[in-house]
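S.K.: Okay, here's the structure, questions in a sec.
A short reminder: the numbers here are calculations on the coordinates, not readings from a lab. These numbers come from a predicted model, not from an experiment. Neighbour counts are summed over all protein chains in view; Cβ atoms, including those assigned to glycine, are modelled from backbone coordinates with ideal geometry.
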Amino acid sequence: LANAKISVIGAGQVGATTAVRIAEKELARQVVLVDIVEGLPQGKALDEMEASPIEGFDTEIIGTNDYKDTENSDIVVITSGLPRKPGMSRDDLLSVNVKIVKEVTEQVAKYSPNSIIIVVTNPLDAMVYTASKVSGFADNKVMGQAGCLDSTRFKRFIAWEAGVSVKSVEAMTLGGHGDDMVPLVSYSTIRGVPISQFFTKEQIDRLVDRTRNGGGEIVKLLKTGSAFYATSSAIVQMIDSIVRDKKDVLPCAVKTQGKYGLEKDLFVGLPVKLGMSGVEEIVELKLSEEELKALKVSADHVKELCNRVEELKL
Ligand code: APR
């Protein structure tokens, strides 16, 4: 049982599934599930606690509508906000979700001033920017989850295409969490062998395209919401590296600090070493000209969204 207290704000599809995954892996001593809807976090927390004798975990989950219960959390995951409906882009959620993320972040900063914040609400990169500004937390303590999700999708599609175990696939996507994200083909491998040795260019283009539109593919199928199983797995992958101080290298939305030639105050997906203090290092990979250009395009798009956040004068 890891000794962390983790709060998950938003007890919807992503938040509740995240709480369940944390508990079943015993990555915290306590998970506090928070929502504005009365009874929702309490009911989901109780339901999962009643599964604990079968699943065999000792993590305690509590549901609440009161931020006081989140006091002194080590990690706070922000999932509150609207998900997409078919036909919507993540950017369409900006004006509604920015207000929610601002309001939630104020409570997080008040009750858990030393916490690490992981933002999941979309449009992701602009919401991390918002949480960073509102909290005033140090850069290593504010990050967004997107790259781990996009990367696991990319890996799944590669494994299917090659007909191999997912365990032999490595892949990573960088950039913003939008259709212009940057799946790194040159660093995608099957047992260390670049995928270009297994697939034709057409196959690779198809895999990249499916990864970029992976979120939309799920929204189209579900019709009433967006992805949450893989999303919560991706969040928990980050949490696992933090609470166990594993220093796993994972793509996360972080302040660039000028790395990769990007504007220094922007938040976009880059490979980082995650440990107990949060973002411990931005790992600088050698990228091709084409990949660097694509990263810049994606970052420019994020910048536009952040400008929209600024225009709202929160
Ligand atoms: N404070 C706390 N909770 C809130 C607030 C708020 N101010 N506003 C909304 N919520 C809660 C809702 O009551 C709901 O239970 O956030 C929850 C969101 O859950 P879902 O609607 O099921 O959405 P979900 O699929 O979990 O997605 C949440 O994550 O991946 C992103 O794009 C997705 O922005 C979306 C977010």
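S.K.: How about LYS293: which aspartates and glutamates have a C-alpha closer than 14 Å to its C-alpha, ignoring those fewer than 8 places off in the same chain?
M.R.: List returned: ASP180, GLU263.
S.K.: Right, next: What dipole magnitude, in Debye to the nearest 20, does the chain give about its Cα centre under +1 on Lys/Arg Cβ and -1 on Asp/Glu Cβ?
M.R.: Charge dipole of the chain: 460 debye, to the nearest 20.
S.K.: How far, in nm, would the chain grow between GLU106 and ASP300 when pulled straight, counting 0.36 nm per residue and subtracting the alpha carbon separation?
M.R.: Between GLU106 and ASP300, full extension yields an extra 67.1 nm.
S.K.: Helix 289-311: angle to the longest alpha-carbon principal axis of the chain, degrees 0 to 90, nearest 10?
M.R.: Between the helix axis and the principal axis of the chain, the angle is about 40 degrees.
S.K.: If you take all C-alpha pairs in the stretch 112-164, what percent of them are over 18 Å apart?
M.R.: Tail of P(r) above 18 Å: 44 percent of Cα pairs.
S.K.: If you project the alpha carbons of the stretch 174-314 onto their three principal axes, what span does each projection cover, largest first, in Å?
M.R.: 47, 37, 33
S.K.: Now, a different point. How big is the Kirkwood radius of the stretch 49-171, worked out from every pair of different alpha carbons and given in Å to one decimal?
M.R.: 16.7
S.K.: Once the Cβ-Cβ distance between ARG206 and ASP58 is put in as r, and R0 is 35 Å, what FRET efficiency do you end up with, to the nearest 0.05?
M.R.: Given R0 = 35 Å and the Cβ-Cβ separation, E is 0.20.
S.K.: Net charge near LYS110, counting Lys/Arg +1 and Asp/Glu -1 over other residues with Cβ under 14 Å of its Cβ?
M.R.: Cβ neighbours under 14 Å give a net charge of -3.
S.K.: Go through the stretch 116-130 residue by residue and turn each phi into a ³J(HN,Hα) via Karplus (6.51, -1.76, 1.60, θ = phi - 60°); whole Hz please, and just put x for glycine and proline.
M.R.: Per-residue couplings from phi come out as 9, 9, 10, 8, 10, 4, 9, x, 3, 5, 6, 6, 5, 4, 4 Hz.
S.K.: Now for a different question. What residue among LYS296, LYS133, LYS141 has the largest mean-square fluctuation in a Gaussian network model of the chain, using Cα springs under 10 Å?
M.R.: Maximum fluctuation in the GNM of the chain, among the listed residues, is at LYS133.
S.K.: Also: From the P(r) of the stretch 1-103, could you give the percentage of C-alpha pairs in the tail past 22 Å?
M.R.: Everything past 22 Å amounts to 31 percent.
S.K.: Expressed as an acute angle from 0 to 90° and rounded to the nearest 10, what is the orientation of the C-alpha long axis of helix 40-49 relative to the principal long axis of the chain?
M.R.: 90
S.K.: Sticking with this structure for a sec: So, how do all the Cα-to-Cα distances of the stretch 151-250 break down into 10 Å bins, in percent, from 0 on up?
M.R.: 15, 44, 34, 8, 0
S.K.: Say R0 is 25 Å: what FRET efficiency, to the nearest 0.05, do LYS293 and SER196 get from their beta-carbon distance?
M.R.: E between LYS293 and SER196, to the nearest 0.05, is 0.85.
S.K.: Mind checking which lysines have their C-alpha under 17 Å from LYS220, skipping anything on the same chain fewer than 8 residues away?
M.R.: LYS220 reaches LYS85.
S.K.: Still on this model: Over the Cα atoms of the stretch 51-104, what Rg and Dmax result, in angstrom?
M.R.: Radius of gyration, then largest Cα-Cα span, for the stretch 51-104: 16.0, 43 Å.
S.K.: Under 1.5 on a/c is rounded, so check that first for the stretch 1-55, then, if it is not, pick prolate when a/b is larger than b/c and oblate when it is not; a ≥ b ≥ c are the square roots of the alpha carbon gyration tensor eigenvalues.
M.R.: Oblate shape, in that a/c is at least 1.5 and b/c is the bigger or equal ratio.
S.K.: Another one. Hey, for a label at ARG244 modelled as a point 7 Å past Cα toward Cβ, could you say which residues of the stretch 145-165 have their backbone N under 19 Å away?
M.R.: 148-149, 152
S.K.: Stick to Cα atoms and the Kirkwood definition of Rh, then tell me Rg/Rh for the stretch 101-216.
M.R.: Result: Rg/Rh = 1.11.
S.K.: Here is a further query. Treating cross-link reach as a plain straight distance, find the lysines whose alpha-carbon is under 25 Å from the alpha-carbon of LYS313, omitting any fewer than eight places away in the same chain.
M.R.: LYS99, LYS102, LYS110, LYS133, LYS141, LYS255, LYS264, LYS303
S.K.: Could you run the Debye sum over the Cα atoms of the stretch 76-139, one equal point scatterer each and no solvent, and tell me log10 of I(q)/I(0) at q = 0.12, 0.19 Å⁻¹, two decimals?
M.R.: With no solvent term, the Cα-only Debye profile gives -0.27, -0.62.
S.K.: Continuing with this model, one more query. Taking the Cα atoms only, what angle lies between the long axis of helix 147-162 and the longest principal axis of the chain, rounded to 10 degrees?
M.R.: Long axis of 147-162 versus the principal axis of the chain: about 50 degrees.
S.K.: Then there's this: At 10 °C and 1.306 mPa s, what whole-number value in µm²/s does Stokes-Einstein give for the translational diffusion of the stretch 275-314, with Rh from the Kirkwood sum over Cα pairs?
M.R.: 125
S.K.: Summing Lys, Arg as +1 and Asp, Glu as -1, what charge do residues with Cβ under 9 Å from the Cβ of SER241 carry, SER241 excluded?
M.R.: Once all neighbours under 9 Å are counted, the net charge is +1.
S.K.: Moving on to the next point. For every helix of n ≥ 4 consecutive DSSP H residues, a contribution of -39,500 (n - 2.57) applies; sum these over the chain, divide by its total residues, and give [θ] at 222 nm rounded to the nearest 500 deg cm²/dmol.
M.R.: The helix-only estimate for the chain comes to -13000 deg cm²/dmol at 222 nm.
S.K.: On to the next question. With every atom except the alpha carbons ignored, what do you get for Rg and Dmax of the stretch 183-234, in angstroms?
M.R.: Rg, Dmax (Cα atoms, Å): 13.8, 40.
S.K.: Can I ask one more? Springs between alpha-carbon pairs under 10 angstrom, Gaussian network model over the chain: which of MET143, MET181, MET276 fluctuates most?
M.R.: Checking each option, the largest mean-square fluctuation is seen for MET276.
S.K.: Hull surface divided by four, with the convex hull built on the Cα atoms of the chain: how many nm²?
M.R.: One quarter of the hull surface, i.e. the mean projection, equals 15.3 nm².
S.K.: What is the sum of charges, Lys and Arg at +1 and Asp and Glu at -1, for the other residues whose Cβ falls under 12 Å from the Cβ of ASP66?
M.R.: Net charge around ASP66: -3.
S.K.: With a Förster radius of 25 Å, plug the Cβ-Cβ distance of ASP47 and SER233 into 1/(1 + (r/R0)^6) and report the FRET value to the nearest 0.05.
M.R.: Calculated transfer efficiency: 0.80.
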